[in-house]
Amino acid sequence: MTSIDVHELTKEYGSTRAVDRLTFSVRPGRVTGFLGPNGAGKSTTMRLVLGLDRPTSGTATIGGRHYAALDAPLRQVGALLDPQAAHGSRSAREHLLALAVSNGIPARRADEVLEESGIASVARKRVRTFSLGMRQRLGTAAALLGDPAVLILDEPSNGLDPEGIIWIRELVRRLAGQGRTVLVSSHLMNETASFADHLVVLGRGRLLADTSMRDFIDSRVQPRVRLRTTEGDRLRNALRDKGFTAVPAEDGRWTVEGARVTEIGPIAVDKGIPLLELADEEATLEEAYLDLTADQAECSAARTATDQEA
């Protein structure tokens, strides 16, 4: 099994510190979501892991070795950083064949990954004619070419249609299920929540979180219960006696922050208060992420009064 290990990693560009003493590991057998606002240092970190930049200090290794020391690296690490990287005058198949030859990979793999990526029908078309989504699929095919144990994907869903997004989601889950190490950077919170098991979150070059998806959400956002009843005043008083505050909404529902159904239901039953609806409102990754990174964004729009009240 192969892991990505980052230890005290620092990268400075002149007086700017893009990555600030980062330490984390990406383990096999799970999908790790790599999150952070623009300018957080995600892309720089991935470039350092892949040997495309040199760190100012610290280390980034794959299976205990620097990327530059790997033999036939495409057989060990697959990466998608820039979907525009393929030469526009080559066909998709020619692009993959060139990569295969340079890493001692059988030519048949080019056809296999073209098929797996859903672009076999355009294999002989020039890359410059491809849409962004098609280039993303080609970049992913290149990452899969050497059947590597480690995958590093930067915004792989960017430009994909809904079918393509589902394909990427299922792909990264399947790869992790095979015991591979999968790191996926994304700005799409809902999409990340659909496939990631673990999260590494950066802000201004520093590590903000390194934890499971569930623990991350639970640590940042309180649980809450949504309910409807014909006896709102009675329920509110009963809940107040137990330390809960029920807040009415315009649609007739009530919300109880910091509570679970298993706590609220028995109180209503004990008092004989009818409930027409009772459900846990699960906190989302987006809520937790925004709570953590609110003051970390390089650029942020001014919030309106309506936004602040929401």
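Only the coordinates and a few stated rules stand behind these numbers; no lab work does. A quick note: this is a predicted structure, and the numbers were derived from the prediction, not measured. Using ideal geometry, Cβ is built from the backbone for each residue, glycine included, and neighbour counts are taken over all protein chains shown.
Take every Cα pair under 8 Å in the chain that's 6+ residues apart, average their separations, divide by the length, and report that relative contact order as a whole percent.
21
Where does the charge balance sit around residue 150 when Lys and Arg score +1, Asp and Glu -1, over other residues with C-beta under 12 Å from its C-beta?
Its environment carries a net charge of +2.
Expressed as a rounded percentage, what relative contact order does the range 48-173 have, with Cα pairs under 8 Å and six or more residues apart?
31
Evaluate the Kirkwood expression for the hydrodynamic radius of the range 113-166, namely the inverse of the mean inverse distance over all pairs of different C-alpha atoms, and round to one decimal in Å.
11.6
Could you quote the convex hull projected area for the range 4-212, Cα atoms only and averaged over all directions, in nm²?
11.0
Label-point separation (nm) for residue 295 and residue 16, each offset 7 Å from Cα along Cα-to-Cβ?
Going from the residue 295 label point to the residue 16 one covers 2.3 nm.
Under a Cβ-Cβ cut-off of 9 Å, what is the net charge of the residues other than residue 217 that fall near it, where Lys and Arg count +1 and Asp and Glu count -1?
Around residue 217, the charge tally is -2.
Mind pulling up the Rg/Rh value for the range 42-92? Radius of gyration and Kirkwood radius, both on Cα.
Result for the range 42-92 is an Rg/Rh of 1.03.
Report the dimensions of the range 127-263 along its three principal axes from the alpha-carbon atoms, largest first, rounded to Å.
Result for the range 127-263: principal-axis Cα extents of 66, 32, 31 Å.
Largest first and in whole Å, what are the equivalent-ellipsoid semi-axes of the range 248-290 based on the Cα gyration tensor, each being the root of 5 times an eigenvalue?
24, 13, 7
Dividing the alpha-carbon radius of gyration of the range 1-66 by 2.2 N^0.38 Å (N being the number of residues), what value is obtained?
In units of the 2.2 N^0.38 Å rule of thumb, it is 1.08.
Charges at C-beta only: +1 for Lys and Arg, -1 for Asp and Glu. How large is the resulting dipole of the range 4-212 about its Cα centre, in Debye rounded to 20?
With only Lys, Arg, Asp and Glu charged at Cβ, the dipole is about 340 debye.
What do you get when you divide the Cα radius of gyration of the range 63-131 by 2.2 N^0.38 Å, with N the number of residues?
The range 63-131 yields a ratio of 1.19.
By the scheme Lys and Arg +1, Asp and Glu -1, what is the net charge of all other residues having a beta-carbon under 13 Å from that of residue 168?
Neighbour charge sum, excluding residue 168 itself: -3.
When only DSSP loop residues count, what trypsin sites (Lys or Arg not before Pro) in the range 88-132 have their Cβ near at most 14 other Cβ atoms within 10 Å?
Sparse-neighbourhood loop trypsin sites (Lys or Arg not before Pro): 124, 125.
Arrange the peptides 204-212, 150-158 so that the one whose residues have, on average, the most other Cβ atoms within 10 Å appears first.
Packing proxy ranking, top to bottom: 150-158, 204-212.
List the lysines whose Cα lies under 22 Å from the Cα of residue 42, skipping any in the same chain that are fewer than 8 positions away.
Cross-link targets: 11.
At R0 = 45 Å, how high is the FRET efficiency between residue 253 and residue 71 if r is their beta carbon distance? Nearest 0.05 is fine.
0.15
Using every alpha carbon pair in the range 208-297, what percent of pairs falls into each 5 Å bin from 0 up to the bin containing the largest distance?
3, 13, 23, 20, 12, 11, 10, 6, 2, 0
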